[in-house]
């Protein structure tokens, strides 16, 4: 770990208790750096983009811890539905000790000052989830999988942030329903592909209608 990485980790650790009460602000970041014994210039090197970079690091750290958790689980014999459900749950649980910090990060990401922080970090998270469960798609499915999971992950995260049930049971039930919805969509898509393969070539059919004397 480089000195920059150590400083980033130390500043985030010192900032999180304050973020829960004061939000993600430059003042909180400066206070955290001071408490961690890190000078102003070193803080700027660690997070040149200021608060945006600090939040981005916080979210990326959650992705990293999720991947570490899944690496220690036996996923090979699990169905893809089970893998994705476990991965989404693991990613959410990575922030269990800092739920208020995440809530404030989500609110901050919606502000104009955040720029592309929200979409960029969301894409990184869903990409990390798919890679952690062994996805190797490289065609159009690469993008559709991430787009669908982004919608699921966003909805489940927002549900979790407001969940007061014991053990977040409402959130995990909500997650199961959303994954079930996705599986139905994928099943329907597969069925439509099967039907499409049995249909005549529309281009050839149109040509035959236009030029009746030709044969396909």
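Points worth noting:
- Scaling against 2.2 N^0.38 Å puts the C-alpha radius of gyration of the stretch 1-48 at 1.03.
- Expected 222 nm ellipticity per residue - DSSP helices of 4 or more, -39500 (n - 2.57), all of the chain, to 500: -24500 deg cm²/dmol
- Structural descriptor for the stretch 1-48: relative contact order 47 percent, calculated from alpha carbon pairs under 8 angstrom and at least 6 residues apart.
- Degrees, to the nearest 10: 26-35 long Cα axis against longest axis of the chain: 60
- Shape call, the stretch 73-182: gyration tensor on alpha carbons, a/c limit 1.5: oblate
- Stretching the chain fully between residue 34 and residue 68 yields a gain of 9.2 nm (0.36 nm per residue, less the alpha carbon separation).
- Among 59, 16, a tally of other beta-carbon atoms within 10 Å of each Cβ gives an order, fewest to most, of 16, 59.
- In the chain, the longest principal axis of the Cα atoms and the axis of helix 140-161 are about 50 degrees apart.
- Mean separation of Cα contacts under 8 Å (6+ apart) over length of the chain, as relative contact order %: 17
- Net lengthening on full extension, residue 136/residue 173 (0.36 nm per residue, minus Cα-Cα): 10.5 nm
- Between 0 and 90 degrees, the angle of helix 3-22 with respect to the longest Cα principal axis of the chain falls at about 90 degrees.
- Alpha-carbon centroid distance for the pair the stretch 76-113 / the stretch 16-30, whole angstrom: 21
- Global geometry of the stretch 36-122, whether rounded, prolate or oblate, following the gyration tensor of its Cα atoms and the 1.5 cut on a/c: prolate
- What the pair-distance distribution of the chain shows, using all Cα-Cα distances binned every 5 Å from zero, is 1, 6, 12, 15, 15, 13, 10, 8, 5, 4, 3, 3, 2, 1, 1, 0, 0, 0 percent.
- Approximating the spin labels as points 7 Å out from Cα along Cα→Cβ, the residue 61-to-residue 100 distance works out to 1.7 nm.
- Prolate/oblate/rounded call for the stretch 73-112, Cα gyration tensor, a/c under 1.5 rounded: prolate
Throughout, read-outs are computed from the coordinates displayed, never taken from laboratory work. Everything quoted here is computed from the prediction, not taken from an experiment. In this analysis, Cβ positions are derived from the backbone assuming ideal geometry, glycine residues included, and neighbour counts consider all displayed protein chains.
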